[in-house]
Amino acid sequence: MRVKEIPSALYQVFTTGRRQKFLVNRKVKDRLFRFIFSKDPAALLQLYNALNGTEYEDASALEIVTLDNIVYMSMKNDLAFIVTGVLNLYEHQSTVNPNMPLRCFLYLGQEYQKIVTKGHNNIYGTRLIKLPTPQCVVFYNGDRAKPDEEILLLSDAFQNIEMKPDVELKVRVFNINYGHNEKIMGKCRRLWEYSYFVHQINCSLEIGNPLRDAVDQAVVHCIENDIMADILEQHRMEVFGMLLTEYNEKKTMRYLRKEAKEEAWEEAWEEAWEEAWDQGIKTAIRMSKGLQATYEQTMEHLIKETSLTEAQARAYMQKYWF
């Protein structure tokens, strides 16, 4: 597939020299969801309780084990933590991704390798190595209509559907757009605040406000109403940077996907037209030959009735006359 030239406005997103217009300092890598909960273990424990119907209160018992992409094979998940013998993988997604079970499967392998290595365990020994029970969760806040909760299975990706797989992995996907999963939101104040804050930005964008203005208005509104105010007041510029990065990346990817679809359609049409053209010329040559026309008469007629050059017509004749 041919790649069209990216318009300059989008090219700036990828150009190192102009990156500052859309992207923040490279040190600010975390998306807002991860940033919020990684800085507040109490809120993360509250989120765990909301999802599992538990009432744990000791946030100091929570151990953050999020993968570092520098060390672990360029793999980085949003949030991973261990509490009460449960290894939790939390991912935040603004686009639908059916491959989350596979991603979580790979993340778990890396997490368990960390645990085995850290404990100096011998996987070839006779003692059973105890592992924390995995729990994989995706928090979705994209613009597609999705149910409050759905389950994704690794086995949905397996090719042989008749054979029962020996491996399975389940991922729970929760829609955290504002107005969804109110029961969970009611049990985790921080999650509700995040959902409300993003909702304010999206509402502002829908009425035509520029992204920077939409973020600024949402920040001011939430601070004034004591919604995520502690995060927004202390880390205002970082929050700005994360959101400007994320929204512009989403906009760019939507544009590129649209361009890719248009290119695919154009190429499919061109291929179909070329195939039909080729078949038409083939039929004309065979019919001419069947009507006892000579080789030269057929080629002369081909040049006269089409836009082919003599060389092109001769190539078709050599291909289909004999």
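Summary of computed values
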quantity	calculated
Pairs with Cβ under 6 Å, 6+ apart, first in the range 32-49 and within 11 Å of Ile64 (Cβ to Cβ), second surrounded by fewer than 19 Cβ atoms within 10 Å (Cβ to Cβ)	Pro41/Ala59; Pro41/Leu62
Odd one out for Ser94, checked against (1) farther than 24 Å from His180 by Cα; (2) modelled with pLDDT under 90	(1)
Filter result for Glu111 (part of a strand (DSSP E or B), buried (at least 18 other Cβ atoms within 10 Å of the Cβ), of a type in the set (Asp, Glu) and in contact (Cβ under 8 Å) with a residue 40 or more places away in the chain)	no
Selection within the range 170-222 - aliphatic (A, V, I, L, M) and modelled with pLDDT under 95	Val198, Ile201, Leu205, Ile207, Leu211, Ala214, Val215, Ala218, Val219, Val220
Check on Leu32, at pLDDT 95 or above, among the aliphatic types (A, V, I, L, M) and surrounded by 14 or more Cβ atoms within 10 Å (Cβ to Cβ)	no
Residues of the range 137-175 satisfying the condition of being out of contact with any strand residue (DSSP E or B) (no Cβ under 8 Å at 6 or more places or on another chain) and more than 25 Å from Val86 (Cα to Cα)	Asp143, Arg144, Ala145, Ala157, Phe158, Gln159, Asn160, Ile161, Glu162, Met163, Lys164
Selection count, the range 125-148, where residues are loosely packed, with under 14 Cβ neighbours inside 10 Å and assigned to a strand (DSSP E or B)	1
Options Ala59, Ala157, Ala145: the member that is without any contact (Cβ under 8 Å) to a residue 40 or more places away in the chain and touching a Leu at 6+ places or on another chain (Cβ under 8 Å)	Ala59
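The values are calculated or read from the model by the stated rules, or taken from the named source; none is laboratory data. The model shown is predicted, which means the values in this text are computed figures rather than measured ones. Cβ sites come from the backbone with ideal geometry, for glycine too, and all protein chains shown count toward neighbours.
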